[in-house]
1. Tell me which residues, restricted to the stretch 14-37, are β-branched (Val, Ile, Thr) and surrounded by 14 or more Cβ atoms within 10 Å (Cβ to Cβ).
2. Being surrounded by 14 or more Cβ atoms within 10 Å (Cβ to Cβ) and out of contact with any helix residue (DSSP H, G or I) (no Cβ under 6 Å at 6 or more places or on another chain) narrows it down to one of THR247, THR229, so name that one.
3. Could you look through the stretch 262-278, keep only residues that are over 16 Å from GLU226 (Cα atoms) and surrounded by 13 or more Cβ atoms within 10 Å (Cβ to Cβ), and pick out the one that is modelled with the lowest pLDDT?
4. Please go through the stretch 246-277 and pick out each residue that is without any contact (Cβ under 8 Å) to a residue 24 or more places away in the chain and either part of a strand (DSSP E or B) or farther than 18 Å from LEU216 by Cβ (or both).
Amino acid sequence: MKMPRPIRLIFLIILMSILIFLRFYFPTERYTAEQIRIGGIVLNLAILLLIFRIVIDFLILWYKLEQRRSGSETKDNLIIGLTNLFRIISVMATILALMSLSGLELKDVFTTLSIVAAAIAIVTKDFITEIIIGIVNGFSTKIELDDYVKIGEQKGKIIDIGLQKITLLNDEDDLIYIPNVKFYNSDVINYTRKDIRRMGVEFQLDLKYLTSVEDLEKRLTRSTSEMATFIEPGTYNLKVMNITKDTIDFNFQYTMIEVSREVHRKIRKLVLRSVANIVRVEEQN
């Protein structure tokens, strides 16, 4: 069971107070200088991480209260962005603490790193770029969790915005992991920014199987008659997306009365089966 954020904040503050007391007031007479040094580094790391965690949890709690007070919808992107930021800070603080535990002087470490900085930058360029984009996406208002988007050739609902990848759930319930660099360099269409009830089924048809666009639209509309109670009347529209020498790309659009992924999946199945039947009948003729 997940602990409520206000209670967790109180718990973290109490824990931090105990660690601060141990750091500065714990009797050290019975310990060696090396043990005191190691204990001090570990306590400093724990206190630092707790401070960052408390600040981030407080900001998230304040944000949720402000959104609730104003009647606005709480967006998870800010929470994701702050969580990703905490992860980065935790990793950096832990690395610095491990260096201190091993007896390395940070000044000497940074001096040494500066000599091989170019090589490190080349090796880690993509990794660092993905992390930076992940942090920016976490705070972005352009894409949010549960948005239905098209990234490159992939379409689906955003279910996670990570430090390295964005996770989509497509219409076949497949999980698609898209690297942040690819997301940044791709054309992104956010269908949720328009009427979220407006859906579409894309397909390609060979020109030899097409009699007329109007006739095809009527046949597809009839094929979804059993789902008509879920679709607003008069919203069917067969759009021509692209034409080549041999094929034509269509998008059969409709507006749902209420958003339902399950209903959309059933309608999509009916439309594609109808297209397959058209091809089969034309082949037989």
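1. ILE20
2. THR247
3. From the stretch 262-278, those over 16 Å from GLU226 (Cα atoms) are 275-278; that's our starting set.
Subsequent filtering for residues that are surrounded by 13 or more Cβ atoms within 10 Å (Cβ to Cβ) retains 275, 278.
Working: VAL275: 89, ILE278: 85.
The selected residue is ILE278.
4. Passing the criteria: only GLU262.
The values are calculated or read from the model by the stated rules, or taken from the named source; none is laboratory data. Predicted model, so just to flag it, every value in this text is computed and none were measured. Reconstructed Cβ throughout: ideal geometry from the backbone, glycine too, with neighbour counts over all protein chains shown.
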